[in-house]
Amino acid sequence: MLNLPRIRAIGLDLDDTLWPIWPTISRAEGVLLQWLQAHAPATAALHADKAALRAIREQMDTLRPDLAHDLTALRRESIRLALTRAGDDPALAETAFDAFFAERQRVEFYADALPALERLAARWPLVAVTNGNADIARVGLGHLFAGAVNAHTAGFRKPDPRIFHAGANLARVPGDAVLHVGDDAGLDVLGALAAGQQTAWVNRENKPWEHGEQRPHLTVAELSALCDALGV
């Protein structure tokens, strides 16, 4: 059960909590493929569809484990590898990534997300805590958030408790005064619990809880229900 009087800030995951991530990534990969067709045709021919681009991106997880916390670097280096393999100029990776990244910021919010954020932000400072590389200003949320911590800037990713501590520090509140809200049972709920924070699991698909006795303080199907539970 939530300790409502204790909450002084809200930590929020972004991808799959405020918007569905895979439609966004799919569109961005489509833009990247179009860019390659125009500027690096040999690379586009060797990686003829989005599935091929995604496969080489996933390969980078094995090739560059040192970049596991930095999705921007992993994507950029996957583009560089694709260019190199095809015999195109690897320096094109920077501009190609910029095309991908601009589209990656064009998110389509869940219907409940923006009204809920307005309600929450009127009561508490909001801090984004994410493993991804969405930019809260570029997606149109800068006016609602006090700040953001991502895995790249923090140097570690969820479920590492340190990224949750960094979010609390950004909000200028003790860690146990944060309610962290996210969709991922392992990364968000267990990670925030390990950091001593209260947790709300946004379970849009009514998934069963499969993580033993440790449980979120609150489970909701959408963010409007979270606001109702918090009385805002």
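The values are calculated or read from the model by the stated rules, or taken from the named source; none is laboratory data. From a predicted model like this one, the values you see are computed outputs, not experimental measurements. Counting neighbours? That spans all protein chains shown, and the Cβs are built from the backbone with ideal geometry, glycine included.
Here ASP176 fulfils each of the conditions (1) surrounded by 19 or more Cβ atoms within 10 Å (Cβ to Cβ); (2) of a type outside the set (Gly, Ala, Ser); (3) not in a loop (DSSP other than H, G, I, E, B) apart from (1).
Give THR72, THR130 a once-over and let me know the one that is within 16 Å of LEU14 (Cα to Cα), of a type outside the set (A, V, I, L, M, F, W, C), in contact (Cβ under 8 Å) with a residue 12 or more places away in the chain and not assigned by TED's automatic domain parsing to the domain that holds PRO174. Checking each option against the conditions leaves just THR72. When GLY191, GLY167, GLY196 are checked against the criterion of being under 28 Å from LEU67 (Cβ atoms), in contact with a helix residue (DSSP H, G or I) (Cβ under 8 Å, 6 or more places away or on another chain) and either at pLDDT 95 or above or not acidic (Asp, Glu) (or both), a single residue qualifies: GLY191.
Is it true that ALA51 is surrounded by fewer than 19 Cβ atoms within 10 Å (Cβ to Cβ) and either farther than 21 Å from TRP22 by Cβ or at pLDDT 95 or above (or both)? When the stated conditions are applied, ALA51 does not pass them.
Tally the residues that are among the β-branched types (Val, Ile, Thr) and more than 19 Å from the chain's Cα centre (by Cα), restricting the search to the stretch 1-19.
Going residue by residue through the stretch 1-19, those that are among the β-branched types (Val, Ile, Thr) are 7, 10, 17.
Still in the list and also more than 19 Å from the chain's Cα centre (by Cα): 7.
Of the residues in the stretch 1-19, 1 are among the β-branched types (Val, Ile, Thr) and more than 19 Å from the chain's Cα centre (by Cα).
Given ALA44, ALA38, which one is crowded, with 21+ Cβ neighbours inside 10 Å, assigned to a helix (DSSP H, G or I) and of a type in the set (Gly, Ala, Ser)? If you could, list the steps in order and put the result at the bottom.
Values: ALA38 fails: crowded, with 21+ Cβ neighbours inside 10 Å.
Residue meeting the stated conditions: ALA44.
Got at least one residue in the stretch 76-87 being β-branched (Val, Ile, Thr) and either over 30 Å from GLN37 (Cβ atoms) or in contact (Cβ under 8 Å) with a residue 60 or more places away in the chain (or both)? Checked against the condition, which is being β-branched (Val, Ile, Thr) and either over 30 Å from GLN37 (Cβ atoms) or in contact (Cβ under 8 Å) with a residue 60 or more places away in the chain (or both), the stretch 76-87 yields no hits at all. Condition first: touching a Leu at 6+ places or on another chain (Cβ under 8 Å), of a type outside the set (Val, Ile, Thr), closer than 30 Å to PRO216 by Cα and assigned to a strand (DSSP E or B). Can you find one or more residues in the stretch 11-32 that meet it? Within the stretch 11-32 (the criterion being touching a Leu at 6+ places or on another chain (Cβ under 8 Å), of a type outside the set (Val, Ile, Thr), closer than 30 Å to PRO216 by Cα and assigned to a strand (DSSP E or B)), the answer is yes, since at least one residue qualifies. Please identify the pairs in which a residue from the stretch 189-210 that is farther than 18 Å from ILE7 by Cα and assigned by TED's automatic domain parsing to the domain that holds VAL127 has its Cβ atom under 8 Å from the Cβ atom of a residue that is at pLDDT 95 or above and surrounded by fewer than 17 Cβ atoms within 10 Å (Cβ to Cβ), counting only partners at least 6 apart or on another chain. Between residues of the stretch 189-210 that are farther than 18 Å from ILE7 by Cα and assigned by TED's automatic domain parsing to the domain that holds VAL127 and residues that are at pLDDT 95 or above and surrounded by fewer than 17 Cβ atoms within 10 Å (Cβ to Cβ), the close pairs are ASN203/ALA221; ARG204/ALA221; ARG204/GLU222; ASN206/ALA221; TRP209/ARG215. The residue of the stretch 146-172 that is farthest from the chain's Cα centre (by Cα), among those that are part of a loop (DSSP other than H, G, I, E, B) and buried (at least 19 other Cβ atoms within 10 Å of the Cβ), is ASP160.
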